[in-house]
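This report concerns only the one structure given below.
The values are calculated or read from the model by the stated rules, or taken from the named source; none is laboratory data. Model, not experiment: these values are computed from the prediction. Heads up, the Cβs are rebuilt from the backbone with ideal geometry, glycines too, and the neighbour counts pull from every protein chain shown.
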Amino acid sequence: MSLPQSVRIVEVGPRDGLQGEKPQSVANRVKLVELLADAGLRHIEAGSFVAPGRVPAMADSDKVFAELQRNSEIVYAALTPNRRGVEGALAANVDEVAIFTAASETFCQKNINCSIAESLDRFTPVLDAAKAAGVRVRGYVSCVMGCPYEGNIEPQKVATLTRELLDRGCFEVSLGDTIGLGTPVQAKQLFEKITAVAPMEQLAAHFHNTRGQAIANLYALLEEGLGVIDSAISGLGGCPYAPGASGNVATEDVVYLLNGLGIEHGISQDGLLQATRFVTEELGLPCRSAAGLAALAQANE
């Protein structure tokens, strides 16, 4: 077993977490990002520059970025599907942009209306624009451990796609178990294939907790040296194009796990409680985090 000394948590709640929910005000979205920053998170996906008609909850992301009280130590990232998206993100002075594809042809068609090969071609202008602006690009691959339409996905296919994204200029690739199908053994087998062609240092895990396996899967990969984990405050999230998908692994649960393992992360549990309380009370959204629910109950005693 080779546990990492520290883990970087990428907080995706303000984007992936809220994208399928009822649209929130710009003020509420800004408040959530700032509470997460106060809790010690240093990598926050704050919005998405996509067509408002497809993802209404991410409309006005430019206003969210404009109103944030920026901390120079924090990376404020945004999802950008195409040239128009990256132009909007760069105009909003984002620190990092993300592009996304899938390991499933069917999911790729339903999610972004193109094949996997076409999605890679679409990334060229995004990568070129970001590079010219000196902005890093992160890659996402969905359905790495199974697809709601195609079932099992070959690990080698995921490995090849990951290598392709790195070769095209992504500094890191986040691997998504979009509908939470994976188990610890499957997660280890997948990453074994991927790390044969890409270093663990350039990989992140983005696991949904649909079947309650996300924390177990993450522990299995921490044993292999995983150093980057995507999570969402209160376990927010889901995917409108992935039937049955529930929320992301909760930031509170990940932090609780890392604390128990003695792994550094720089995040305050008390700070997370404030963000959790805001999401659950002010935004009227449920807390799907076991550790978050326990902390809320303890705080209310």
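Below, the figures for the structure above:
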| item | result |
| --- | --- |
| Positions within the stretch 53-77 being among the aromatic types (Phe, Trp, Tyr) and in a strand (DSSP E or B), in sequence order | Tyr76 |
| Residue in the stretch 279-286 that is in contact (Cβ under 8 Å) with a residue 24 or more places away in the chain and under 18 Å from Arg42 (Cα atoms) present | no |
| Lone qualifier among Asn111, Asn71 - being touching a residue at least 60 places away in the same chain (Cβ under 8 Å) and of a type in the set (S, T, N, Q) | Asn111 |
| Tally, over the stretch 23-52, of residues that are touching a residue at least 40 places away in the same chain (Cβ under 8 Å) and in a loop (DSSP other than H, G, I, E, B) | 6 |
| Complete set of residues in the stretch 151-166 that are surrounded by 15 or more Cβ atoms within 10 Å (Cβ to Cβ), in a helix (DSSP H, G or I) and not hydroxyl-bearing (Ser, Thr, Tyr) | Pro155, Lys157, Val158, Ala159, Leu161, Arg163, Glu164, Leu165, Leu166 |
| Count - residues of the stretch 76-112 that are of a type in the set (D, E, K, R) and closer than 17 Å to Gln19 by Cβ | 1 |
| Total residues in the stretch 94-137, condition farther than 24 Å from Lys63 by Cα and touching an Asp or Glu at 6+ places or on another chain (Cβ under 7 Å) | 5 |
| Subset of the stretch 269-296 [of a type in the set (Gly, Ala, Ser) and closer than 20 Å to Ile215 by Cβ] | Ala275, Ser289, Ala290, Ala291, Gly292, Ala294, Ala295 |
| Residue count, the stretch 167-220 (criterion: β-branched (Val, Ile, Thr) and part of a helix (DSSP H, G or I)) | 3 |
| Count - residues of the stretch 269-301 that are loosely packed, with under 15 Cβ neighbours inside 10 Å and within 29 Å of Glu223 (Cβ to Cβ) | 2 |
| Conditions (1) touching a His at 6+ places or on another chain (Cβ under 9 Å); (2) modelled with pLDDT of 95 or more; number of the one not met by Thr178 | (2) |
| Single residue of Pro81, Pro4 found to be under 18 Å from Val228 (Cα atoms) and outside any helix (DSSP H, G or I) | Pro4 |
| When residues of the stretch 1-46 are limited to those that are modelled with pLDDT of 95 or more and among the hydroxyl-bearing types (Ser, Thr, Tyr), the one farthest from the chain's Cα centre (by Cα) | Ser25 |
| Pairs with Cβ under 8 Å, 6+ apart, first in the stretch 135-151 and within 20 Å of Arg168 (Cα to Cα) and touching a residue at least 60 places away in the same chain (Cβ under 8 Å), second of a type in the set (D, E, K, R) and crowded, with 18+ Cβ neighbours inside 10 Å | Arg138/Glu96; Arg138/Glu172 |
